[in-house]
Amino acid sequence: MAHGTALIYDEEMTKYKLLWVDPACKIEVPERLSVSYEALVRNGLADRCVSIPVREATDAEILLVHSDEYLEAVKKTPYMTLEDLKEFTLQFGDVYFHPNIYRCAKLAAGSALQLVDSVMMERVRNGMALVRPPGHHSMRSAASGFCVFNNVAIAARYAKQKYGVKRVLIVDWDIHHGQGVQYCFEDDPRGVFGKGRIIFGCLKCNILVFVLFIFNSVLYFSWHRYEHQKFWPQLRESDYDSVGKEKGAGFNINLPWNQVGMENSDYLSVFCHVLLPVAYEFCPDLVLVCAGFDSAIGDPEGEMCATPDIFAHLTHLLMNLAGGRLCAVLEGGYNLTSLPQSVCQTVQTLLGDPLPQLANLSGPCRSALESLQCLRSAQKQYWGSLKHTASPTAANISTKRIRIAEGEVEEEEKTELGEEEKNSEEKVWHEPPKRPCPPIRAASVLPDDVACPDGCKRITKDIHPLVVSRLKDHLVQEAEDGDALATFSTLVSLVQKMEKNEVGSGLALVGDVIKAMMCVVQHVSPDLNRVLVVCVGNGKIPSHISRDGKVLVLQISSDASEEQQSKHYISVCLQKGCCNTSGFMQAVLGLLLPVGYEYNPDLVVLVRMPDSGVCDVVWKQLTGLLQSFAKGHTLVLMQEKENSCVGPTASILLGDPAPPLETLQAPDREDVDAVERLRRRLQADWKLLQTTSEYTS
Ligand SMILES: CC(O)(O)CCCCCNCCCN
Ligand SMILES: [Zn+2]
């Protein structure tokens, strides 16, 4: 298991800048890179990373994406006069050249390749490259949008060629559409078989099983400010209906933001309801991130309102893919305050530090819901997890681009205001909270004969008289069982240690998981406002514990709970319970994550019911994803006889990435329907469950 986070930076890449007046390019300044690196140093993050040297990309590597004539032309720029440079620049859009930009562009591309090497050779687990010039707009024979060589596209091709990586996921959270990446891969021959889609018609049960054999492919996901094609680069092919061509269909995913002001809730709902379900189904071997931070609040380009700590969560949600192999390469980001904060949030998560809690999330706004729904329905024929998406009715989808094209709506002037006209009100936001690592990362409460996993700290059982007396009131029959009492009071003191951040997370083998959970829930201190209880497997959970909203119970099992479902008592009934991986993951990504984010608990209790049937990799994925909440304070309760689960659970709580699931097949129809029904019913209470706009008031 690879450990460590690479950081690639060299000040040489600050040594070029705009040499003439050009309002479109003046925001792309060298300080973007230096303030980001200095913030990492100041916050003690740079020292914790493995420093990997930069190198220049070779011609051959650049030619993986760009044409020979383009490379030859760029090679001439170091020797050009100022006038020649201006002349040369004119053939491209919103980009500038400089005598040193060719060298820096080779270093930027080379940095991305160094990052791929470090991760693929397992010198590190993941990493970030702080580079200039950015890359995702540059095309085969053209520079564009401050970009000269397409750093991430070159890295994807390089990974496939040198390491035989079959499936690469590129996530582009920069606020501009990386059209250069889209062009590069949309007609990418998908390997020998292309995306072989083999359909087994099983006549007798009359169910078509779409089995996607995915070969050698690059899946590109980008969200971007679009405003119905009014925002740069104003391309028709940046809209949600560009899904990739022929065999590449389904491998290009565009989420257009048709309004500014998008917030954390909008970003998370797109991750939960589109990107993550598709990414898990795709099952990449490597994740590359076009890490642009102009999607953060305060940025003059994006004009969005998502706060820097959102990138801690976006990064974490991707770290459970591809066995944690994640390479983040800087693209945009022009606010010299939110950019370094966002870079620090990203690197701190790559290092495995606890995540910040995201406060007062609500639902996605109407415009985001429209984009979300359009995208899901445009992609549903390619992805099993989206197969049962409701198709947008004309009524509730006002894709203004279409109406503008059909002349219904008069052309509005370009939305992009000049720098001076931009709404002058300065955005303000809180500095992201500190994310201190607790002295004990993971603690365990185990029977004496069960070994404590490496890295875990065993909490010896002790009996607190105060706790015991209170326990006795509730658990009469245990009163006589000294051992149970000792275990329960030890669990309560463990949770108290979590509240004080002395302990990160805990795991315990107990005689009765439900009783243990009840005891913990009833004895958490009053200043723990909300407890999320996730129960995996069948078994009766007393519903009265969730009455006052202080506890939210979400159970995934195979027995339909006759219990009245309520806002805080959610029971997901799956055909095959926890055995069917894709059904289970659909419930986790489409229900548990959104509800968990909105509920924003201070403690998570993960209960593995006896004979849950959940398989190891899914259990580890779930445990990893639950670290998103409560600053990572998760208490895992398992039945005494399940000793074999202790090691795997501990490895995740200690920060190891969950192993990748296999490429997921489409979930069973019944499971999708069950999750969809439940989502529809609960979205009135939990707005982050919404995926269609007809429900917004
Ligand atoms: C890497 C990147 O995506 O951030 C580059 C963005 C280029 C924007 C070009 N238009 C700028 C107009 C200035 N108001
Ligand atoms: Zn950008």
Can you send over the carbon and sulfur percentage of the accessible area for the chain, probe radius 1.4 Å, protein chains only? 52 percent
In what order, largest first, do Arg325, Arg32 sit by accessible area if the probe radius is 1.4 Å? Arg325, Arg32
If one takes the longest principal axis of the Cα atoms in the chain, at what angle in degrees, from 0 to 90 and to the nearest 10, does the Cα axis of helix 482-499 lie? 30 degrees
Using only alpha carbon pairs under 8 Å that are at least six residues apart, calculate the relative contact order of the chain and give it in whole percent. 13 percent
Crossing angle, helix 310-319 versus the chain [Cα axis fit, 0-90 degrees, rounded to tens]: 80 degrees
Does region 506-689 come out rounded, prolate or oblate by the C-alpha gyration tensor, with a ≥ b ≥ c the root eigenvalues, rounded set by a/c under 1.5 and, if not, prolate when a/b is larger than b/c and oblate if not? rounded
Probe 1.4 Å, all protein chains in place: accessible area of Ile459 in Å², nearest 10? 20 Å²
Cα-based shape type of region 5-424, given that a ≥ b ≥ c are square roots of the gyration tensor eigenvalues and the cut on a/c is 1.5: rounded
Rounded to 5, percent antiparallel among DSSP beta bridges of region 506-689: 5 percent
Can you classify region 252-385 as rounded, prolate or oblate using the Cα gyration tensor, where a ≥ b ≥ c are the square roots of its eigenvalues, rounded means a/c under 1.5, and otherwise it's prolate if a/b beats b/c and oblate if not? oblate
In what order, largest first, do His316, His544 sit by accessible area if the probe radius is 1.4 Å? His544, His316
Expressed in square angstrom to the nearest 10, the accessible area of Val343 with a 1.4 Å probe stands at 0 Å²
Given the DSSP H assignment, sum -39500 (n - 2.57) over each helix run of at least 4 residues in the chain and divide by its residue total; what's the result at 222 nm in deg cm²/dmol, nearest 500? -9500 deg cm²/dmol
Solvent exposure, largest accessible area first (probe 1.4 Å, DNA, RNA and ligands not counted), of Cys535, Cys456, Cys437, Cys573: Cys437, Cys573, Cys456, Cys535
Using only protein heavy atoms and a 1.4 Å probe, report how much of Lys540 is accessible, in Å² to the nearest 10. 110 Å²
Relative to the longest principal axis of the C-alpha atoms of the chain, give the angle of the C-alpha long axis of helix 513-523, reported between 0 and 90° and rounded to the nearest 10°. 80 degrees
State the answer as a single residue: which of Thr634, Trp232, Ala508 lies farthest towards the positive end of the charge dipole of the chain, with beta carbon charges of +1 for Lys and Arg and -1 for Asp and Glu, about the Cα centre. Ala508
Long-range amide H partners of Val533 with built H, under 5 Å: Leu552, Val553, Leu554, Val605
Per residue, how large is the accessible surface of the chain? Use a 1.4 angstrom probe and give square angstrom. 36 Å²
Pairs Lys576/Lys631; Lys434/Lys461; Lys247/Lys620; Lys247/Lys576; Lys76/Lys230; Lys15/Lys75: which exceed 24 Å Cα-Cα? Lys576/Lys631; Lys434/Lys461; Lys247/Lys620; Lys247/Lys576; Lys76/Lys230
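The values are calculated or read from the model by the stated rules, or taken from the named source; none is laboratory data. Just so we're clear, the structure is a prediction, and the values are computed from it rather than from any experiment. Virtual Cβ from ideal backbone geometry, glycine too; neighbours counted across all protein chains shown. Surface areas here come from the heavy atoms of the whole protein model, side chains and all, with no ligands, DNA or RNA. Shrake-Rupley method; radii C 1.70, N 1.55, O 1.52, S 1.80 Å.
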